[in-house]
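Any read-out appearing in this document is the output of simple, stated calculations on the displayed coordinates, not a laboratory observation. Predicted, not measured: the structure shown is a model, and the values here were computed from it. Methodologically, a virtual Cβ is constructed for each residue, glycine included, from the backbone with ideal geometry; neighbour enumeration extends over all protein chains shown.
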Amino acid sequence: AAGSDTVVANNIIHSTPGKGISLQYTGGCDNCKIYNNTIYSNSLVGIEIAADTSNTIIRNNIIFNNGSTVSDSGVGTILSNNLTTDPKFVNATANDFHLQSTSPAINAGATLTEVPTDYDGITRPQGSAYDIGAYEYGGSVTTQVATPVISPNGGSFTSPQSVTITTTTTGASLYYTT
């Protein structure tokens with residue numbers, strides 16, 4: 001059939017006016033796999049499996065805050081290790097879908113040899129098991145901070161000079177090296 005053995009993995013699909021992932025191949029999609037995707041806040045359905053589709057495996061996906069979670073008209077669809085409750089993203093409003101340390105997606109996935117790394121290229125797993133969604137939690141998240149202000153700003157000095165570095169980002173650590 002058209003689309004046979006297709007793997008859809010490590011995608012971040014959010015805020016569309018329609019469907020997140022839709023398997024609607026003409027002639028169906030046999031033995032297709034939807035693995036480790038983050039599907040968030042799409043207007044219609046998170047994942048749609050059409051009638052011509054058979055033996056689809058939907059595993060390790062975050063499917064949250066969509067019009068509906070999964071629409072399955074296929075035959076033999078397997079759903080496991082998917083998260084449909086609040087995944088505790090770092091900041092979905094700012095499109096940061098990394099996981100907070102308290103996320104229920106951490107270490108809750110199945111091992112999938114087809115998905116050895118996450119969206120950022122980080123090796124899976126980082127903990128005792130695969131994480132659910134496109135990102136593997138690694139224990140630290142790098143976030144953008146406001147541009148630091150350095151004063152005095154530039155110039156040449158012939159004697160030691162005190163320098164002040166400040167930022168408006170709460171909790172940010174600034175490091176200075178010479």
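General observations
- Gyration tensor verdict on the range 1-130 (Cα atoms; rounded if a/c is under 1.5, prolate if a/b is larger than b/c, oblate otherwise): oblate
- Paramagnetic label reach from GLU114 (point 7 Å along Cα→Cβ; backbone nitrogen cut-off under 14 Å): within the range 45-77, residues 54-61, 77.
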